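Taking it in order: structure first as structure tokens, then the write-up.
No value in this document is a laboratory result; all are computed from the given coordinates. Keep in mind that what you see is a predicted model, and the values were worked out from it rather than measured. Cβ placement follows ideal geometry from the backbone for every residue including glycine, while neighbour counts extend to all protein chains displayed.
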Amino acid sequence: MSKALLITGGSRGIGHCTARGAAKQGWDVCVNYVSNSARADETVAAIEKAGGKAIAVKADIAKEEDVIRAFETCAKELGPIQGVVNSAGIVDPYGRMDELQYDDLTRIMDINVNAAMIVAREAVKHMSTKHGGQGGSLVLLSSAASRLGGAGYAIPYAVSKGAIDVLGWGLAQEVAGEGVRVNVVSPGVIDTEIQPPGRVEQVGPQLPAGRVGKPEEVADAILYLLSDAASYVSGTNMMVSYAR
């Protein structure tokens with residue numbers, strides 16, 4: 001029997017790779033998008049071509065009503081939700097702290113922190129046995145920046161991802177007895193479009209492995225945490241980076 005999986009940010013990068021990989025493992029997948037419906041449709045088409053089932057839902061995760069609607073649509077069209085991946089997020093503004101504008105700070109916290117907590121809340125409401133759910137797995141995307149600090153280029157991003165680390169640990173304890181596993185994945189520098197121009201080429205040779213990571217490598221970690229193979233894994237923060 002198939003299981004329903006909701007992925008925020010599932011139309012691009014790590015989310016896209018996770019969606020395709022999850023479909024191969026038998027998940028029915030719901031991906032959200034904000035404005036680029038073409039990219040979301042490509043993800044859905046790729047899954048359907050491989051014999052899976054997928055839908056795309058337009059939803060701005062920075063808006064509570066959109067998050068609620070995305071979950072309700074996923075449950076209605078694909079069945080009870082048993083997996084949630086919060087992959088959506090932003091990195092900018094880039095630069096030093098003394099260049100930061102208040103509006104930029106508000107935006108990154110709204111999308112990376114507040115929205116993640118609303119997604120987590122809805123995940124619990126749909127999956128927790130306390131709310132009549134069947135249990136499931138929530139995977140939150142953090143970043144190696146939360147421990148490296150982002151000095152010189154993205155401290156606000158690092159701060160927002162530090163909040164995700166705390167959210168994952170705290171929520172894992174809160175719902176441990178309700179059939180919901182909560183884990184965090186913290187990628188290093190990954191070759192996706194979220195990176196600013198030139199960063200992949202600049203940083204890759206400086207890393208111990210001599211290269212940045214691939215989104216598929218992060219997706220594999222997420223898929224493990226979603227799977228029954230991780231049935232006794234909750235409250236962990238999996239670092240997906242090569243020796244840094």
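Under 19 Å of direct C-alpha separation, and excluding same-chain neighbours fewer than eight residues apart, Lys3 reaches these aspartates and glutamates: Asp28, Glu48, Glu72, Glu77, Glu122, Glu178, Asp220, Asp228.
Legend: P(r) of the range 37-81 from all alpha carbon pair distances, 5 Å bins from 0, whole percents, reading 5, 23, 22, 25, 19, 5, 1.
Panel values: the range 1-74, Kirkwood radius from alpha carbon pairs, Stokes-Einstein at 25 °C and 0.890 mPa s, translational diffusion coefficient 208 µm²/s. Amide hydrogen proximity for Tyr33: with H placed 1.01 Å from N in the peptide plane, the residues at 5 or more positions away or on another chain lying under 5 Å are Val57, Lys58, Ala59. In terms of the mean number of neighbouring beta-carbon atoms within 10 Å, the peptides 108-114, 30-36 order highest first as 30-36, 108-114.
Normalised by the residues of the range 165-244, what does the relative contact order come to in percent, with Cα pairs under 8 Å and at least six apart? Spell out each step's value before the answer.
Details: 103 pairs, mean separation 36.1, N = 80.
After rounding, I find 45 percent.
Partnerless cysteines in the chain, where a partner means another cysteine C-beta under 4.7 angstrom, comprise Cys17. Legend: ranking of residues Asp220, Asp60, Asp28 from fewest to most surrounding C-beta atoms inside 10 Å; resulting order Asp220, Asp60, Asp28.
With contacts defined as alpha carbon pairs under 8 Å and 6 or more residues apart, what's the relative contact order of the range 111-178 in percent?
32 percent.
Other residues with beta-carbon under 13 Å from the beta-carbon of Lys58 carry, at +1 per Lys or Arg and -1 per Asp or Glu, a net charge of -1.
Roughly how big is the range 174-244's charge dipole about its Cα centre, with Cβ charges of +1 (Lys, Arg) and -1 (Asp, Glu), in debye to the nearest 20?
Values: 5 positive and 9 negative charges, 59 e Å.
In debye, rounded to 20, the range 174-244 gives about 280.
For the chain, the average shadow cast by the Cα convex hull is 12.6 nm², which is a quarter of the hull's surface. By other beta-carbon atoms within 10 Å, ranking Leu100, Leu78 with the fewest at the front produces Leu100, Leu78. With the largest listed first and rounded to whole Å, the semi-axes of the equivalent ellipsoid of the range 34-177 from the Cα gyration tensor are 29, 20, 13. Chymotrypsin sites (Phe, Trp or Tyr not before Pro), restricted to the range 149-244: which are DSSP loop and have at most 10 other Cβ atoms within 10 Å? When the chymotrypsin sites (Phe, Trp or Tyr not before Pro) of the range 149-244 are filtered for loop state and at most 10 Cβ neighbours within 10 Å, Tyr232 remain. Using a cutoff of 8 angstrom between alpha carbon atoms and counting only pairs six or more residues apart, the relative contact order for the chain works out to 19 percent.
Go ahead and estimate [θ] at 222 nm for the chain from helices alone: -39,500 (n - 2.57) per DSSP H run with n ≥ 4, summed, over the residue count, rounded to 500. Spell out each step's value before the answer.
Numbers: 9 runs with 102 residues, N = 244.
Using -39500 (n - 2.57) per qualifying helix, the result is -13000 deg cm²/dmol.
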